Amino acid sequence: MKVAARTKSLKAVLAALVGLTLAAAPPAVRGESCDQNMACCCPDDAREVGIKASASSVLDGKAQYGADKVLDRDGENYAGYLETAWCEGKRGGGEGEWLRIEFPSVRPLQGLLISAGYDRSPATYFENGRLKTLVLTLSDGGRYTLRFGPRYRTLAEDGKTQVLNSPQLFRLPKGRAHTVKWLKLQIAEVEPGKKFTDTCISTVVPHASVEE
Ligand SMILES: [Ca+2]
């Protein structure tokens with residue numbers, strides 16, 4: 001009887017823990033492909049002055065993989081400068097490592113364009129770790145799980161199939177308007193790289209508004 005009672009109470013504790021975990025899981029937002037998706041395009045704030053990035057770690061401590069590499073811009077390219085990337089420096093896939101972006105003043109945030117990996121080339125993309133899920137925390141208390149979609153494909157002009165799965169657009173749910181001073185992106189799940197274990201993000205573009 002004693003064993004049975006103990007098993008029962010253990011089950012109750014486990015059930016309570018599972019309940020707490022489920023309750024704490026932030027709502028999920030799925031990434032959209034930017035192929036033929038005008039909502040990805042042209043945020044009016046792509047060249048914000050005074051926006052800053054910091055990170056929990058940097059690969060080998062090298063400036064070339066620094067947090068600021070998610071904010072550099074390539075002329076008028078709405079997606080940012082994809083040749084460069086922040087790469088985390090923790091041993092393993094980088095789960096738990098984070099990137100923090102701070103704005104010079106409080107501003108609206110409706111969406112984010114985020115690279116799923118190192119977008120410089122298909123080679124760097126597949127050799128390094130890629131994102132499956134990120135946890136987004138906002139300074140106004142908002143919290144979401146960002147789920148990167150599967151690989152999107154489209155037909156290139158030369159008739160060859162081209163991989164176009166990154167960056168992806170995340171629209172925050174319309175039910176709640178967010179105004180933020182900072183945001184934090186924490187790596188939750190990754191797909192390991194074929195050659196390297198570090199996980200990289202080429203660009204993050206905050207959108208104050210997102211087209212329908
Ligand atoms: Ca970059």
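The values are calculated or read from the model by the stated rules, or taken from the named source; none is laboratory data. Keep in mind that this is a model prediction, so the values were computed, not measured. Here the Cβ is made from the backbone with ideal geometry for all residues, glycine too, and neighbour counts use every protein chain on show.
Quick check: anything in the range 92-115 crowded, with 18+ Cβ neighbours inside 10 Å and among the basic types (Lys, Arg)?
Filtering the range 92-115 for residues crowded, with 18+ Cβ neighbours inside 10 Å gives 93-94, 97-99, 101, 103, 109-115.
With among the basic types (Lys, Arg) added as a condition, the list becomes none.
Within the range 92-115, none of the residues are crowded, with 18+ Cβ neighbours inside 10 Å and among the basic types (Lys, Arg).
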Within the range 46-67, of all residues that are within 24 Å of PRO108 (Cβ to Cβ) and either within 8 Å of the ligand (Cβ to nearest atom) or surrounded by fewer than 15 Cβ atoms within 10 Å (Cβ to Cβ) (or both), the one modelled with the lowest pLDDT is ARG47
Note on PRO192: of the conditions (1) modelled with pLDDT of 95 or more; (2) over 24 Å from ASP74 (Cβ atoms), unmet is (1)
Counting only residues in the range 81-92 that are of a type in the set (Gly, Ala, Ser) and more than 19 Å from PRO122 (Cα to Cα), the one farthest from the ligand (Cβ to nearest atom) is identified as GLY92
Residues of the range 181-212 being surrounded by 21 or more Cβ atoms within 10 Å (Cβ to Cβ) and more than 16 Å from the ligand (Cβ to nearest atom), in sequence order, are LEU183, ILE187, VAL190, HIS207
Those residues of the range 111-134 which are under 18 Å from THR179 (Cα atoms) and within 11 Å of the chain's Cα centre (by Cα) amount to LEU112, LEU113
Checklist entry - In this structure, is LEU113 more than 21 Å from ARG147 (Cβ to Cβ) and either in contact with a helix residue (DSSP H, G or I) (Cβ under 9 Å, 6 or more places away or on another chain) or within 12 Å of the ligand (Cβ to nearest atom) (or both)? => result no
